[in-house]
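Trainee: Okay, handing you the structure first.
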Amino acid sequence: YELQPAFKKNGKKYRAITYIADFAIINNDGTTEVVDVKSSKTFKTQVYRIKKKMFEYKYPELTIKEVY
């Protein structure tokens, strides 16, 4: 999922920011479940937390389901 597109500023190129889910399940009713598998409830990196926040903002119709 693209969270922020790539762009150029002052001659410098910035890569896109993306989030890759462990699983994306498309249900028969057309809804999508985005699943991220975590090793424990306490192990969430700062990068993951920021990307999750960006994901929740950009894709309000989807929610990351965390499985432990």
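Trainee: P(r) tail for the chain, what percent of Cα pairs lie past 16 Å?
Mentor: Percentage above 16 Å: 55.
Trainee: Another question, then. Name the residues whose placed amide hydrogens come within less than 5 Å of the amide hydrogen of Lys65, ignoring near sequence neighbours (fewer than 5 apart) on the same chain.
Mentor: Val34, Val35, Asp36
Trainee: Oh, and also: Can you give the relative contact order of the chain as a percent, counting alpha carbon pairs under 8 Å and 6+ residues apart?
Mentor: Taking the mean separation of contacting Cα pairs over the length of the chain, I get 29 percent.
Trainee: Cα to Cα, under 26 Å, and not fewer than 8 places away if on the same chain: which lysines meet these conditions relative to Lys41?
Mentor: Cross-link targets: Lys51, Lys52, Lys53, Lys58, Lys65.
Trainee: Tilt of helix 46-58 relative to the longest C-alpha principal axis of the chain, in degrees (0 to 90, nearest 10)?
Mentor: 90
Trainee: While we're on this one: Along the charge dipole of the chain, which of Ile20, Gln4, Pro60 sits closest to the positive end, that is, farthest toward it, with unit charges on the beta carbon of Lys, Arg, Asp and Glu (+1, +1, -1, -1)?
Mentor: In the chain, that residue is Gln4.
Trainee: Can you pull the one-decimal nm distance between simple spin-label points at Glu2 and Lys58, each 7 Å off the Cα toward Cβ?
Mentor: So the two model labels end up 0.8 nm from each other.
FYI, it's all coordinate maths here, none of it is from the lab. None of these values were measured; they are calculated from a predicted model. Cβ: placed from backbone, ideal geometry, glycine included. Neighbour counts: every protein chain shown.
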